[in-house]
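A short worksheet on the structure shown next.
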């Protein structure tokens, strides 16, 4: 592969990075060179992460502006916990066209066409093990609240929409830490930061055991944040109670510290689940404005939950207002 | 043993005394002679109402706890988004 000419002048622009990223994935999959029949498969092509698969190797270009030292610390956390997080093929990122690039073994994801087969028990157990693991020294904060704040900024920039007001009112009910305006009340617990079903893959080592992927938002913080998407989906009436119970029960049986071992988990989950509901609604409204399309039934259910939040102050949990 | 379909190694599991080989690649399942019948027999036993073990709780709670701002149909029958998974929710499950 010859060098790609930078015709856009934008360092790290995603479209420009893709051919070089594919070439790196190829070279990593076949260090001895030669020809092969594997296609280059683009698994994601967004500015916040571009991912190319070649054979058993995946190369990821992280978001422009990713701090190399922070990314290296997050990679080190994955190297240290190979039974929970998929370990990278190389311990350090490399620079490519102004982007940080990491290399991973390819693991089989959850089938998006069969979400009923989702491994809720494995997800709960993996998160419990992650939260119980010692956080490596110097690991930056988990980026969940920062992502929620970014979704709100995107909503504010999107232009007028009748659903924007209830989403912003719900955002205003959240404590400062959940809006990324203050440090999180927990600065010791290792968290993933962006849990959803696309973040689970089967390990390619033959055991087919599930692992968590994507360390971009990994860090120390409030572990309830990692339970908050399923919690929010359940609260909004989208995730069936049985799926929610499987996930929560597995988390508790594995000794996960985000919620008490028995009894009502909501005092610990209320703020993060509100935040994830608001984040989801904000992105849905912003996309609806951009596409000139009305909200669908599912998106409306999330906005409706925001509307109800403004009438109910967050449940108080010790230290939640720090 | 290797999977006859995708040739990945198969792993043996014991399910209620029945040996089941599952492929680590395509997740397909191989049953030995008589094992299907054994599973069917167990299924029919399972379907028959069994007397509750002494001291066991009467029933699982109708619905797990939910926050006050949650969807109003909690606690009763599962709501209008019920069994048939909405395509948009399928997408949401996999989105950041």
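Every number here is computed from the coordinates shown, using simple stated rules; none is lab data. These numbers come from a predicted model, not from an experiment. Please note: Cβ atoms are built from the backbone with ideal geometry, for glycine as well, and neighbour counts cover all protein chains shown.
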Exercise. Using 1/(1 + (r/R0)^6) with R0 = 30 angstrom and r between the beta carbons of residue A:262 and residue A:287, what's the FRET efficiency to the nearest 0.05?
Worked result: 0.15
Problem set entry | Burial order of peptide ranges A:167-175, A:262-270 (average beta-carbon count within 10 Å, highest first) | A:167-175, A:262-270
Problem set entry | Average other protein chain Cβ within 10 Å of Cβ, residues A:290-298 | 2
Problem set entry | Degrees separating the helix A:224-235 axis from the principal Cα axis of chain A, which is the longest one | 60 degrees
Problem set entry | Cβ neighbours within 10 Å from other chains - mean over A:237-246 | 5
Problem set entry | Translational diffusion of the range A:1-148, µm² s⁻¹ [Kirkwood Rh, Cα pairs; Stokes-Einstein; 25 °C; 0.890 mPa s] | 145 µm²/s
Seminar exercise, completed: Check: C-alpha center the range A:230-289 vs C-alpha center the range A:119-186, spacing in Å is 12 Å
Problem set entry | Debye equation applied to the C-alpha atoms of the range A:133-254, log10 I(q)/I(0) at 0.10, 0.16, 0.19 Å⁻¹ | -0.39, -0.95, -1.23
Exercise. What is the spin-label model distance, in nm, from residue B:1 to residue A:121 if the labels are put 7 Å beyond Cα along the C-beta direction?
Worked result: 2.2 nm
Problem set entry | Residue-span extension gain [residue A:165 to residue A:47] - 0.36 nm each, minus C-alpha spacing | 39.7 nm
Problem set entry | Ranking of A:110, A:278, A:94 by count of other Cβ atoms within 10 Å, fewest first | A:94, A:110, A:278
For this session: Quick one: compute the contact order of chain A, relative version, from alpha carbon pairs under 8 angstrom and 6+ residues apart, as a percent.
Result: 18 percent
Problem set entry | Ranked packing of A:210-219, B:23-32, most packed first, by mean Cβ within 10 Å | A:210-219, B:23-32
Seminar exercise, completed: With Cα coordinates, the longest principal axis of chain A makes an angle with the long axis of helix A:144-158, in degrees rounded to 10, of 90 degrees
Exercise. Under a plain spin-label model, where a point goes 7 Å from the Cα along Cα-to-Cβ, how far apart in nm are residue A:114 and residue B:11?
Worked result: 1.7 nm
Exercise. Quick one: length gained pulling residue A:40 to residue A:176 fully straight, 0.36 nm per residue minus the C-alpha distance?
Worked result: 44.6 nm
Exercise. If you project the alpha carbons of chain A onto their three principal axes, what span does each projection cover, largest first, in Å?
Worked result: 63, 45, 39
Problem set entry | Crossing angle, helix A:14-29 versus chain A [Cα axis fit, 0-90 degrees, rounded to tens] | 60 degrees
Exercise. When chain A is modelled as a GNM with alpha-carbon springs shorter than 10 Å, which of A:72, A:25, A:37 fluctuates the most?
Worked result: A:37
Seminar exercise, completed: In a Gaussian network model of chain A with springs linking alpha carbons closer than 10 Å, the residue among A:67, A:205, A:307 that fluctuates most is A:205
For this session: Could you work out the relative contact order of the range A:251-312, using alpha carbon pairs under 8 angstrom and six or more residues apart, expressed as a whole percent?
Result: 27 percent
